[in-house]
Structures are given as structure tokens and as C-alpha cells.
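Step one of this worksheet: look at the structure below.
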Amino acid sequence: MSRLIFPDFALGQYRFQIEIAVGDYHTEDKYYNLISLGTFNYGFNDTKDTIFYPENVTIEFTIAACQVPYIGYPNPFEGGDSSNTDEEYQKEYFNLIDSLTFRQTSVTIWKDSRIFLVGTVDAKSVSSVYGKFSVSCSILSDFAKLKKMDPRTNLLGLPTNTTTRMRFSELIKTIVRSVLPHVTQIIAFSEIRFSTNFTFLGQPVPGDFSLAGGYLYDYIGSSWHHETYIDLLKDILATFGLIMFIYDDTIVLQPRWYFPSNPFVITDDMVISGPDATSQNALALKGLHVKCVHLNYTYVAAYDLGTVVYNSDKTVQNDSDVETVYLSQPGGTPPGMPDIALNQRNVSVWMSELYAGLNNAQWVISKPNQCYLNSSPANKAALWKIIGDRLWQLVSTERLSFKVELLGTEYLYNPFFKHFSYPGLIFRARTASIDFSKGTSTLELLACNN
């Protein structure tokens, strides 16, 4: 395996390194100089707004001898100095293009000596400028590999017996780390609560998302229906009304809607451009189609809000105006079923030693149909109804969306934003592009406090 190495270079206040491993028959290191590192592009992978992950970044580099660093690095061309012939340059150049296009690759990008992105070269993106012996290509995040990994057969080393449970936050982290091992931490913001019969100092202890979990065999292994780990992640996130950001080494989970917190305030002196009349867009849906898992691990139509029109085969006819969400955990009695214990599927809640006492950490079960939002503790119902009603409140009204270009590059750790032009609105990022060479970020913001 050859390594294409791009020595340490500065972009603004940060230093980057890039290494591309190429699966060929050679075992040599070649050092090239970078011409440009494009914007790091992030975006939700579909209109459901469930996953926000690094998608791609474009790099351009040259093999020209005048661009190859000599001090401390070997020249990648036969001869080792600037006397290489045109024929040698052409051979090296076309071999490089061939390798990036047809060989397996693995790319690592470091930012300030920490892994920032792990991915592969998009073979279809490889292009070149012969006159300056330069090559450009797009680097795709390895997160996309989850689209081809089947949780029914690839168990990630997790047990699928009938007794093992895991917190959902840990399951999400395990799945992500299977393709992005540099991700080390997870931060969860959620206002979902689950009533339990567990007490501490005489007071009932509710569960929250960080404590919520389930039996692993309900999510991985042959008994379940997920075809890819992306589907599984969407399932868990939708069940709790969450979206997921992956930035740098951190997974951030947050609700699709605003809940009381301290939003980051975008002030006039931060703005380079936007919003303007052409970039603003109001979004509203006509219906919400909630499907909830049944006891036999199939989805049933659970809950329709607004206008949902069906075809003869029971598919949604007006799907462009309707959002469909799939919830794997009813948190009580599934809709349309008799409200008896036999039909209920409740949330497992992990009570740590902090509440349960030394060496007494344990799983408890949430009370059926007693889930609620922390901002509305009196409104208790099954989890599917709490999530469905709150999502419908969000998506049934117009939500302002616009792009804004800002000075600075470290915005994605903030779950919510305020913009000085819209003092009554709270926004969250929908897409983002970060240009470290310019020290700027372009965010597409979406209102989320209705």
C-alpha cells in the first residue's frame, strides 16, 4: 500500500495534514504539495432532517517538482531532484490518476494534530489539469459506509440474546465509531422524560434520553427489519424526536424543535452576507404520517395529523406534502390497540449507582403511556403521541429558512441560534459549509421554535 502524504500546512489559525493510503502493490511514501483545501460540507442526508454529518471536501494538489518539498522529505520521482524528464513526470502523473480512480483508498485529515475527517476518494470526482500536473478529488466521509452495512448480519460484536440491554446513546456511539473510530464523545440535548416507579429519597426519578435504552435484539440481528445501519439510526433518532450532528470527534444529539436553552446569538459584526430576499424560504407541510412498531416488529399506521391521502395500496399519495416518521418504541400502548398490559411496550431506563446505590445499578421500566416533555410535564401520553404531536406543531406551520455567511469556523457545537434580524425566532443549522482557508462558515438556518 502506498501513502500519499501532504505535509503540515496552515489554514488560518489551524494546521492540517492529509494522508491518502492507496491499495496498490507498492509500499512507498510519496510527498505532494497541496494547492487548495476546499470547504467542508455538511448536510442532512434527506428531507427528514435526522442525520447531519460531514459529506465531502475537495482537495487539489500538484506533483510538479517545483512544488515538492525537499527539506526533510524525499522527492516522489525517480532521480530525487528537479532534473526529472517530462516522460517521468507523465508516467508518475497518469499512474497517480489511475490509482485514485481504480484503487481502494483511505483518507485521513488531521486538524491541529487531531483526526478531523476519515473517508475515501470519490473515484468519480477525480480530475486533472495536465498543464500544471495537478489533480483534484472529493473526499467522502466514511460515515456513508453505514448505508451498506446490514445490522441483521453485521452485529458489530454486540450480543443479541434476550437479556442484554444498552442505552440508546451508547448504541448510537458504537454504530458511528464502527466507521469513524476517531469519534470519542456524545452529547445529548433532549427534553423527553419517562415516568418510572423508581424512587430516590422518597421522590420518583424520571428517565431521560441519556438513560433510555432497549434490548439489543430489538434493533440488531435477524429478528429485526432494518436493512442498513443508517435506517437503524434514523429509527432511534425519530423515535425520540432527535437529529444528530457529527462534527470533529463529537456526536451531538438535539431535538428538532427548540427547547429552553441558551442559543448562540449571531450579531451584525459576524455576518459577511445574507440573509436576502432570494435566500429566504418558508416551509410548511400539509400532513404528518406516524408509523409505530407493532409487537410483531412490523410497522403499522399509527397516527395521521393534518391531511394524509392514501393510494389504493395504502401508500401516501401526497408524500411531497407529508412527512412520514417511523417510531420503533411506542412508550406505552401502540395506537389502535386495547390499552392492556399485554399490548404495551415501554422504555427501559438505566438507574445508575447515583440513584440505585453502590453495586445496585439496574434497569427499570417506564410507566406505560406516561412520557412527557420537560416543558410540559402535565401532558403525559405514550411516546409516539408526545413525539407526533410536537412534530406536527413544528412542521405544520411556516418555518423561515435562509443561508447566512459568517466570520469564524466553530459554530456547529451550538444546537440553536438567534439572528439579530429576527429577535423572536430560534434557528438550528440545516446545512453548513466551512472554509478554513477564509475563516468563514455558511449556515442554512431553519426556524424551530414554533
Next on the checklist: Just checking, does region 261-281 include any residue being open to solvent by 20 Å² or more (accessible area, probe 1.4 Å) and under 21 Å from the mean Cα position of the chain (by Cα)?
Outcome noted: yes
Item to check | Filtered residue count, region 305-361, keeping only those that are within 27 Å of the chain's Cα centre (by Cα) and exposed (fewer than 12 other Cβ atoms within 10 Å of the Cβ) | outcome: 1
Checklist entry - Which of the residues that make up region 82-121 are closer than 19 Å to ASN33 by Cα, loosely packed, with under 15 Cβ neighbours inside 10 Å and in contact (Cβ under 8 Å) with a residue 40 or more places away in the chain? => result ASP112, SER113
Checklist outcome for this item: The one condition MET337 fails out of (1) part of a loop (DSSP other than H, G, I, E, B); (2) modelled with pLDDT of 95 or more is (2)
Checklist entry - Of the residues in region 122-154, how many are in a loop (DSSP other than H, G, I, E, B) and open to solvent by less than 50 Å² (accessible area, probe 1.4 Å)? => result 6
Item to check | region 95-121, subset basic (Lys, Arg) and either within 26 Å of the chain's Cα centre (by Cα) or part of a strand (DSSP E or B) (or both), residue farthest from VAL176 (Cα to Cα) | outcome: LYS111
Checklist entry - Say we look at region 256-289 and pick out the residues that are at pLDDT below 90 and in a strand (DSSP E or B); which of these is farthest from GLU398 (Cα to Cα)? => result ASN281
Item to check | Checking HIS225 against (1) open to solvent by 50 Å² or more (accessible area, probe 1.4 Å); (2) part of a strand (DSSP E or B), the condition it does not meet | outcome: (2)
Checklist entry - Within region 413-450, can you find the residues that are over 18 Å from the mean Cα position of the chain (by Cα), part of a loop (DSSP other than H, G, I, E, B) and polar (S, T, N, Q)? => result SER421, SER437, ASN449, ASN450
Checklist entry - Out of all the residues in region 155-162, is one or more within 15 Å of the chain's Cα centre (by Cα) and of a type outside the set (Val, Ile, Thr)? => result no
Next on the checklist: Filter region 374-407 down to the residues that are of a type in the set (A, V, I, L, M, F, W, C), more than 15 Å from PRO335 (Cα to Cα) and in a helix (DSSP H, G or I) and list them by number.
Outcome noted: LEU391, TRP392, LEU394, VAL395
Checklist entry - Residues of region 217-231 being modelled with pLDDT of 90 or more and either out of contact with any helix residue (DSSP H, G or I) (no Cβ under 7 Å at 6 or more places or on another chain) or among the aliphatic types (A, V, I, L, M) (or both), which ones? => result ILE230
Item to check | Any chance TYR372 is open to solvent by 40 Å² or more (accessible area, probe 1.4 Å) and touching a residue at least 60 places away in the same chain (Cβ under 8 Å) | outcome: no
Checklist outcome for this item: Among residues of region 237-258 being over 23 Å from SER348 (Cβ atoms) and of a type outside the set (A, V, I, L, M), the residue most open to solvent (accessible area, probe 1.4 Å) is TYR258
Checklist entry - Going through region 155-208 one residue at a time, which ones are of a type in the set (A, V, I, L, M) and open to solvent by 40 Å² or more (accessible area, probe 1.4 Å)? => result LEU155, LEU156, MET166, ILE186, ILE187, ALA188, LEU201
Item to check | Whichever residue in region 209-222 is in a helix (DSSP H, G or I) and open to solvent by less than 10 Å² (accessible area, probe 1.4 Å) and, among such residues, is farthest from ALA378 (Cα to Cα) | outcome: LEU216
Checklist outcome for this item: Filtering region 177-210 down to residues that are of a type in the set (A, V, I, L, M, F, W, C) and either more than 29 Å from LYS385 (Cβ to Cβ) or in contact with a Lys or Arg (Cβ under 7 Å, 6 or more places away or on another chain) (or both) yields VAL179, LEU180, VAL183, ILE186, LEU201
Checklist entry - Does ARG428 meet the test of being in contact with a Cys (Cβ under 6 Å, 6 or more places away or on another chain), within 23 Å of PHE245 (Cα to Cα) and either open to solvent by 40 Å² or more (accessible area, probe 1.4 Å) or at pLDDT 90 or above (or both)? => result yes
Next on the checklist: Just to be sure I understand, how many residues within region 36-74 are surrounded by fewer than 17 Cβ atoms within 10 Å (Cβ to Cβ), more than 22 Å from the chain's Cα centre (by Cα) and at pLDDT below 55?
Outcome noted: 8
Checklist entry - Tally time: how many residues in region 378-400 are surrounded by fewer than 19 Cβ atoms within 10 Å (Cβ to Cβ) and of a type outside the set (D, E, K, R)? => result 7
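So that you can scan it fast, the table gives a plain yes or no per residue for (1) among the polar types (S, T, N, Q); (2) within 21 Å of PHE259 (Cβ to Cβ):
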| residue | (1), (2) |
| --- | --- |
| ARG399 | no, yes |
| LEU407 | no, no |
| SER421 | yes, no |
| ARG430 | no, yes |
| ASN449 | yes, yes |
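The values are calculated or read from the model by the stated rules, or taken from the named source; none is laboratory data. The structure presented is a predicted model; accordingly, all values stated were derived computationally and were not measured. FYI the Cβ positions are ideal-geometry reconstructions off the backbone, even for glycines, and counts take in every protein chain you see. What goes into the accessible areas is simple: the full protein's heavy atoms, side chains included, and nothing from ligands, DNA or RNA. Shrake-Rupley method; radii C 1.70, N 1.55, O 1.52, S 1.80 Å.
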